[in-house]
1. Name the residue that is farthest from the chain's Cα centre (by Cα), counting only residues in region 276-293 that are more than 10 Å from ligand 3 (Cβ to nearest atom) and part of a loop (DSSP other than H, G, I, E, B).
2. Only one residue in 166, 154, 126 is assigned to a loop (DSSP other than H, G, I, E, B), at negative phi and either in contact with a helix residue (DSSP H, G or I) (Cβ under 9 Å, 6 or more places away or on another chain) or crowded, with 18+ Cβ neighbours inside 10 Å (or both). Which one?
3. In region 286-317, which residue that is at positive phi and surrounded by 14 or more Cβ atoms within 10 Å (Cβ to Cβ) is nearest to ligand 1 (Cβ to nearest atom)?
4. Residue 242 - would you say it is free of Cβ contacts under 8 Å to residues at least 12 places away in the same chain, over 27 Å from residue 52 (Cα atoms), assigned to a loop (DSSP other than H, G, I, E, B) and over 13 Å from the mean Cα position of the chain (by Cα)?
5. Do we find that residue 113 is at positive phi and in the same structural domain as residue 199 (by TED's automatic domain parsing) in this structure?
6. State all residues of region 148-171 that are more than 16 Å from ligand 3 (Cβ to nearest atom) and over 19 Å from residue 119 (Cα atoms); if no residue qualifies, say none.
7. Name the residues in region 129-148 that are assigned to a strand (DSSP E or B), more than 23 Å from residue 80 (Cα to Cα) and of a type outside the set (Gly, Ala, Ser), would you?
8. Tell me which residues, restricted to region 294-322, are in a helix (DSSP H, G or I) and in contact (Cβ under 8 Å) with a residue 40 or more places away in the chain.
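The values are calculated or read from the model by the stated rules, or taken from the named source; none is laboratory data. These numbers come from a predicted model, not from an experiment. Neighbour counts are summed over all protein chains in view; Cβ atoms, including those assigned to glycine, are modelled from backbone coordinates with ideal geometry.
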Amino acid sequence: MTEDLATQDLAVAPYGRKTQKAPRVSEVHVLWITAGLGCDGDSVSITAASQPSIEDVILGAIPGLPKVHLHNPVLAYETGEEFLGPFHRAARGELDNFVLVVEGSIPNEKLSGEGYWAAMGADPTTGQPIKTTEWIDRLAPKALGAVAIGTCATYGGIHAMAGNPTGCMGLADYLGWDWKSKAGLPIVNVPGCPVQPDNFMETLLYLLRQLAGLAPMIPLDEALRPTWLFDNTVHNGCDRGSYYEQADFAQEYGSRKCLVKLGCWGPVVQCNVPKRGWMAGIGGCPNVGGICIGCTMPGFPDKFMPFMDEPPGARISSNAIMPYGAIIRRLRRLTNTTLNKEPKWRHNRPELTTGYRGD
Ligand code: SF4
Ligand code: SF4
Ligand code: SF4
């Protein structure tokens, strides 16, 4: 499909208004670069998605979606130049409709100095490695949209922490937070280390629907995260919330109580993992005994360190609710004891009323 997407209003349509002319794009390539500094954990993670699954999207099982061709080095059957073919074609401007997905932190050689930290393939004319930053420079201006998957690609993550020599950064720091694709879409960030599988696939599904003219502009927060996935805190969805409310705090791992004293940052971290679980609704950091260390947040990891220390703000708030929590716990224990007894007008005395005498 060669229509000029720059002239279309699909991305600038105000949220909620039906100004798009469907269908827009009938075929989309997803060019997925894992050549940032990372561990490929996000590519592995999405193989567990089910809402939708990657198979459903690729095999066209979802009505209305464009035909999707996925090019991901971890999941592809092709290798070497055969795999790189679509990337080269896209860079030359021969692949009209593609979405760029970036996984891994982007090492910016302008900051790190001589040499390079990450590359994918080699330039056929010079034989030199093509740096990750070169791929992004070549592909981003031609992409319909750009998605950063995982915390490394969104905000730099572990590779961008204080003292790193790599010049690593997230996609929006590299391209600019106001960057827009040729179709008018902003960068979409889906953080998490790794990304929650359904969070990414749901976001991709949304973008594909938007490109097909079936959805309004994707709603994003100021950190470019989809709002419907990231507007609640971990604490809002945590199974241990009632323990927090009663100031009933775990003192060691293995307890079912609230983990705030062990270093959980859940009250101030935006993430839906405790609600959604990791795979098929199962898991979700604090639900299964792991403290939240804020991996979906732009300030991760530096602002959450040292891990496993009680967060300073949590010390104040948890200490403040201690007296209230202790009273509430005692009152609830009393009420619970009462509720565990039948009302006094019920016959619950030892005498039998059946006439059964045991002979
Ligand atoms: Fe790996 Fe986490 Fe970075 Fe993803 S965000 S590449 S899972 S370290
Ligand atoms: Fe909140 Fe963490 Fe306690 Fe859960 S474990 S209730 S997220 S502080
Ligand atoms: Fe990361 Fe916390 Fe969400 Fe777990 S609950 S995925 S540590 S932000």
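1. Among those residues, the one meeting the criterion is 289.
2. 166
3. Ranking the candidates gives 294 first.
4. No; evaluated as a whole, the condition is false for this residue.
5. So residue 113 passes the test.
6. Answer for region 148-171, where residues must be more than 16 Å from ligand 3 (Cβ to nearest atom) and over 19 Å from residue 119 (Cα atoms): 162, 163.
7. Correct list: 147 only.
8. 302, 313, 314, 317, 318, 321, 322
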